[in-house]
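Everything below concerns the one structure shown next.
Bear in mind that the values in this text are calculations on the coordinates, not laboratory data. This is a predicted model, so every value here is computed, not measured. Heads up, the Cβs are rebuilt from the backbone with ideal geometry, glycines too, and the neighbour counts pull from every protein chain shown.
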Amino acid sequence: MPVDNIQKAKSKGLLQTQRQNSAGMITSRYDSDTEGQLPAPFRSKLHHLFGQIEKEFETLYTENLHLQDKVETLQERLDAYMAVDKSISEPLETVDGATKAKRSASHISQKIKKSYIASTSRLVSSFRQAAPAYTVVKSFHGHKDGVWEVNTSKLNPQIIGTASADHSARIWNVETGLCLLQYLGHAGSVNAIRFNPVKDRVVTTSGEGTAHIWSPQVSISSMDALRAQSSEDDLDMSDQCETNEENPDQPTTLRTPLRELIGHHSVVIAADWLNFGGQAITASWDRTAILFDAETGANLTVLKGHDQELTDVRAHPSQDLVVTSSKDTTFRLWDFRDPNMPVTVFQGHNQPVTTAAFAGNEKVVSGSDDRTVKVWDLKNMRSPIATIRTDSSVNRLCVSQSQNMIAIPHDNRHIRLFDINGNRIGRLPRSSRTGHSKMVCSVAWTEDNPVCNLFSCGFDRQVLGWSINVQIKE
């Protein structure tokens, strides 16, 4: 079972309840020198993984052969044009008709050569100009297990937050790359982290079945500013902060939340803020989403309707709209603006929908294990307005509101960029020194950070900050 969790990396909540009891078992199994004792399920899973690796290499080999064929075809055409030009340029009989034919043929040959050279030059130059700058400019190290989600703060673009299977959430300084705060209030894997859009608050979810609201502001060295703007509950929370006076570079540790959101009966996989940060909504494997009052922690509404476990929840940035995605191959739009709360069901995938996010005011982008990403118009739910086909399952994607650009993280360690119309922009580099070495779980755009504008995290314990320099034509 632990191997299944690591390989697919979708069963996030099971890690927190099983990792402590099975860590020693996993180590002993993989460290065994005795051959032929590997259990059949493990052996089958390994064969499956190696099969996927083989398929990826086969795909790359096929692409290389196709490109080689194109190069050889172009070379043959060039040789043919050169041969024609050489034969025509040979001396002809100097009679009136022959001289005229020679000049005409030579003129045509020169035009063909110029046209060919110009077209190939444009092709090569277009490749050069279209190659945008994708650069890793920051890396954040400290998590001891896979990182499920990375998120950015609208209030403070100089910090980011991460949620990890090591039972912790962390707040990082983007400029220095240092961890400012580690939150250790959860007893299980931390599956998601989202910043409040208007307050210095964070909501995190865990496999233990709860969500916690806490303040990232306790990461500052002095608590005076926090006490000046916090309530009595915040003061109680700040008293639980642990700072290392001997080593000030060590992050502050927080163990007690401001609010604990209770109501689910299974893993809480994601959460988000709506009503301008006054409410929090959570999504769970118990097939429900719950709307909470962020100040009191009261349970306001339970959203039911999905047939299988929920995988993500996102709130509209400016309206009381929520979209939930599920393993039942659908995602649903919940409209809290209407007292009757109408629900719209989007059916366009044939595998679990891993994520669905708003793009602007009128669009939703969904990603699935069926290796597709689809762009939907909220006014027309019958069919997507754009479909992006990929070669691997899609994890928690993110849409840049200012650039209308979609960043798509994959199980196969790739991160691809597309525009909102489904046109391919490029793929972030991935090598032994650059990019992720395991599954990329989540990406997050930031609009105002001068250092890097895209962040990614994966099951290789890495959190990377990218500088993406792309000009999208409208």
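For the range 269-347, which chymotrypsin sites (Phe, Trp or Tyr not before Pro) are both in a DSSP coil and crowded by at most 15 other Cβ atoms within 10 Å?
Taking the range 269-347 and a limit of 15 other Cβ atoms within 10 Å, the loop chymotrypsin sites (Phe, Trp or Tyr not before Pro) found are F276.
Give me the net charge of L417's neighbourhood, meaning all other residues with Cβ under 12 Å from the Cβ of L417; Lys, Arg count +1, Asp, Glu -1.
+2
Find the Cα radius of gyration of the range 281-423, compare it with 2.2 N^0.38 Å by division, and give the number to two decimals.
Output field value: 1.01.
Suppose R0 equals 35 Å. What FRET efficiency, 1/(1 + (r/R0)^6) with r the Cβ-Cβ distance, do N275 and D307 give to the nearest 0.05? Each step should come with its number before you reach the end.
Details: r = 28 Å, r/R0 = 0.79.
That gives a FRET efficiency of 0.80.
Kindly identify the range 353-474 as rounded, prolate or oblate by the Cα gyration tensor criterion: order the square roots of the eigenvalues as a ≥ b ≥ c, call it rounded if a/c is under 1.5, otherwise compare a/b with b/c, prolate if a/b is larger, else oblate.
Since a/c reaches 1.5 but b/c is at least a/b, the shape of the range 353-474 is classed as oblate.
Want the number for T176 to D320: 0.36 nm per residue separation, take away the alpha-carbon distance, what's left?
Length difference between fully extended and current span is 48.2 nm.
Please work out how much length the chain gains when fully extended from T62 to I385, using 0.36 nm per residue of separation minus the C-alpha to C-alpha distance, in nm with one decimal.
113.2 nm
Say each of S437 and H265 gets a label point 7 Å from the Cα, pointing the same way as Cα to Cβ; how far apart are those two points in nm?
Here the modelled spin labels are 4.3 nm apart.
When the C-alpha atoms of the range 133-469 are aligned to their principal axes, what extent does each axis show, in angstrom, from largest down?
Here the spans come out as 58, 50, 31 Å, largest first.
So in the range 133-469, what percent of DSSP beta bridges are antiparallel if you round to the nearest 5? Show your work: numbers first, answer last.
On the way: 101 of 105 bridges.
Beta bridges within the range 133-469, antiparallel portion: roughly 95 percent.
What is the set of long-range amide H partners of A211 at a cut-off below 5 Å, with H atoms built 1.01 Å from backbone N?
Residues meeting the amide H criterion: L261.
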